[in-house]
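Undergrad: Structure incoming, see below.
The values are calculated or read from the model by the stated rules, or taken from the named source; none is laboratory data. Since we're looking at a predicted model, the values are computed, not measured. Note that each Cβ is placed from the backbone with ideal geometry, even for glycine, and that neighbours are counted across all protein chains shown. What goes into the accessible areas is simple: the full protein's heavy atoms, side chains included, and nothing from ligands, DNA or RNA. Shrake-Rupley method; radii C 1.70, N 1.55, O 1.52, S 1.80 Å.
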Amino acid sequence: MKNILVTGGTGFIGSHTVLELLIQNYRVTVIDNLSNSKLESLKRVEKLTRKNAHFEHIDLLDVKALELLFQSSHFDAVIHFAGLKAVGESVEQPLKYYKNNISGTVNLCEAMNKAGIKNLVFSSSATVYGDPDSSPIPEKSPLKAVNPYGRTKLTIEYILRELHTSDNSWNVALLRYFNPVGAHESGEIGEDPNGIPNNLMPFITQVAIGKLKELNVFGGDYPTHDGTGIRDYIHVSDLAAGHIRALKKLEEKPGLVVYNLGTGKGSSVMDVIKAFEKASGKKIPYKITPRRPGDAAVCYADVSKANQELNWQTKRDLEDMCRDAWNWQQKNPNGYP
Ligand code: NAD
Ligand code: UD1
């Protein structure tokens with residue numbers, strides 16, 4: 001598998017994965033509607049790698065454009081990142097999420113089917129475990145959607161399973177990401193959220209640079225070592241590497257596979273604040289506020305399956321994640337131009 005189509009490849013995780021693909025000499029085509037990203041990310045990936053990726057401005061809801069793409073180019077596999085990901089927005093506008101994420105994926109699979117391309121790596125999420133009973137969470141844990149965004153991920157997992165059952169020449173990797181953070185070590189590519197960030201790490205980096213006054217710590221009364229919520233933060237570059245391993249896995253052993261991609265370690269909000277302060281030398285002002293509705297107390301991965309079967313380990317720790325997120329923020333105070 002050398003020719004890879006990456007949907008959503010100008011986004012946060014997509015751009016880091018395209019970089020890794022180019023470094024490993026894959027030929028890469030990116031499609032994106034640029035609804036939540038800028039082409040600048042890809043330009044920087046090309047500059048960093050001194051290699052080119054082909055870009056087409058295509059929306060997954062545009063069936064004709066997809067068909068034309070698959071008629072005019074050959075791909076061995078597709079890595080499918082394109083989707084909307086804001087939980088709060090998905091509660092306010094569920095139809096937008098069902099249409100974009102689910103219809104977009106169905107359109108993609110139909111176009112792939114027609115072209116006879118049946119290797120797919122899909123961006124799923126730890127959100128499919130809902131509010132987990134216990135952690136570490138193995139892949140066989142019960143699945144549950146607790147908001148429309150999560151329901152799109154879970155539904156797409158089911159769709160892809162059924163597709164594989166109906167035609168076992170489809171090879172599918174469902175990758176369940178835990179909490180991707182950080183940025184490429186160069187500080188040239190990173191996470192560029194619109195408006196006020198919803199997620200912890202970009203909120204902290206914006207407090208550190210003075211764009212936001214203080215961090216609200218959502219809940220100080222969880223049953224955890226310091227009362228704040230625990231998550232499994234994973235460096236985006238380690239996550240990107242997991243995608244290449246998944247492609248190799250589909251090549252070596254075709255079928256449908258499911259993997260958690262995390263570090264297997266839980267860190268509390270206070271742990272993240274401390275690690276960030278250490279990595280950046282900046283003080284992060286914060287106050288404890290009520291819990292955010294829908295948040296689990298503790299959520300971290302059992303990563304033994306991915307470690308063994310993908311021969312993949314994370315290499316970067318929380319301090320590396322904080323250092324790289326801070327480097328990106330400092331170099332790009334307003335994100336991509
Ligand atoms: P992102 O928003 O940075 O990237 C997604 C990209 O998809 C964007 O560039 C966007 O413009 C594009 N896109 C959206 N809808 C499209 C459409 N209809 N047609 C073409 N392009 C479209 O998000 P990300 O953080 O890089 O996430 C990538 C994937 O991983 C998403 O599917 C997301 O749900 C999933 N995921 C992300 C996280 C996370 O914390 N970032 C966690 C678990 C899963
Ligand atoms: C969120 C999404 C989840 C998605 C994941 C990755 C929700 C409810 N869940 O997960 O579906 O897959 O992002 O993008 O939005 N926190 C604060 N203050 C803040 C922000 C966060 O204290 O300003 C805390 C949260 O309560 C949580 C931790 O930090 O304990 C991480 O939060 P966040 O980065 O938003 O990720 P998740 O909630 O795990």
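A quick yes/no check of all residues on (1) within 13 Å of ligand 1 (Cβ to nearest atom); (2) in contact with a strand residue (DSSP E or B) (Cβ under 6 Å, 6 or more places away or on another chain); (3) part of a helix (DSSP H, G or I); (4) open to solvent by 20 Å² or more (accessible area, probe 1.4 Å):
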{"site": "Thr17", "(1), (2), (3), (4)": "yes, no, yes, no"}
{"site": "Lys43", "(1), (2), (3), (4)": "no, no, yes, yes"}
{"site": "Phe70", "(1), (2), (3), (4)": "no, no, yes, no"}
{"site": "Lys85", "(1), (2), (3), (4)": "yes, no, no, yes"}
{"site": "Ser90", "(1), (2), (3), (4)": "yes, no, yes, no"}
{"site": "Tyr98", "(1), (2), (3), (4)": "yes, no, yes, yes"}
{"site": "Val106", "(1), (2), (3), (4)": "yes, no, yes, yes"}
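Undergrad: I'm checking my understanding of the structure. Among residues of region 273-308 that are of a type outside the set (Phe, Trp, Tyr) and within 16 Å of ligand 1 (Cβ to nearest atom), which one is surrounded by the most Cβ atoms within 10 Å (Cβ to Cβ)?
TA: Start the filter on region 273-308 by keeping residues that are of a type outside the set (Phe, Trp, Tyr), which leaves 273-275, 277-285, 287-299, 301-308.
Going one step further and asking which of them are within 16 Å of ligand 1 (Cβ to nearest atom), we end up with 292, 294-296, 299, 301, 303, 306.
Numbers: Arg292: 13, Gly294: 14, Asp295: 14, Ala296: 17, Cys299: 23, Ala301: 30, Val303: 27, Ala306: 27.
Per the stated criteria, the residue is Ala301.
Undergrad: In addition: Within region 124-231, which strands (runs of 3 or more DSSP E) (wholly inside it) include 1 or more residues that are within 15 Å of ligand 1 (Cβ to nearest atom)? If you could, list the steps in order and put the result at the bottom.
TA: Values: elements: 171-177, 179-181, 215-218.
Of the strands (runs of 3 or more DSSP E) lying wholly inside region 124-231, those with at least 1 residues that are within 15 Å of ligand 1 (Cβ to nearest atom) span 171-177, 179-181.
Undergrad: Sticking with this structure for a sec: Suppose we filter Ile58, Ile31 for residues that are within 9 Å of ligand 1 (Cβ to nearest atom) and closer than 20 Å to Ile244 by Cα; which single one remains?
TA: Values: Ile58 fails: closer than 20 Å to Ile244 by Cα.
None of the other options fit; the residue is Ile31.
Undergrad: Checking the condition open to solvent by 70 Å² or more (accessible area, probe 1.4 Å) and either assigned to a loop (DSSP other than H, G, I, E, B) or within 16 Å of ligand 2 (Cβ to nearest atom) (or both), which residue from Asn334, Asn260 passes? Step through it out loud before you land on a result.
TA: Details: Asn260 fails: open to solvent by 70 Å² or more (accessible area, probe 1.4 Å).
It is Asn334.
Undergrad: Restricting to region 213-257, and then to whatever is open to solvent by 20 Å² or more (accessible area, probe 1.4 Å) and polar (S, T, N, Q), can you tell me which residue is nearest to ligand 2 (Cβ to nearest atom)?
TA: Checked region 213-257; the qualifying residue nearest to ligand 2 (Cβ to nearest atom) is Asn216.
Undergrad: Tally the residues that are under 11 Å from Tyr98 (Cα atoms) and open to solvent by 20 Å² or more (accessible area, probe 1.4 Å), restricting the search to region 149-167. Please lay out each step first, then the result.
TA: Just the residues of region 149-167 that are under 11 Å from Tyr98 (Cα atoms), to begin with: 149-153, 155-156.
Keeping just the survivors that are open to solvent by 20 Å² or more (accessible area, probe 1.4 Å) gives 149, 151, 155.
Total meeting the criteria: 3.
Undergrad: Ile117 passes all but one of (1) within 11 Å of ligand 2 (Cβ to nearest atom); (2) in a loop (DSSP other than H, G, I, E, B); which number fails?
TA: Going through (1) within 11 Å of ligand 2 (Cβ to nearest atom); (2) in a loop (DSSP other than H, G, I, E, B) one by one, Ile117 breaks only (1).
Undergrad: If Pro94 meets every condition in (1) without any contact (Cβ under 8 Å) to a residue 40 or more places away in the chain; (2) touching a Pro at 6+ places or on another chain (Cβ under 7 Å) apart from one, which number is that one?
TA: (1)
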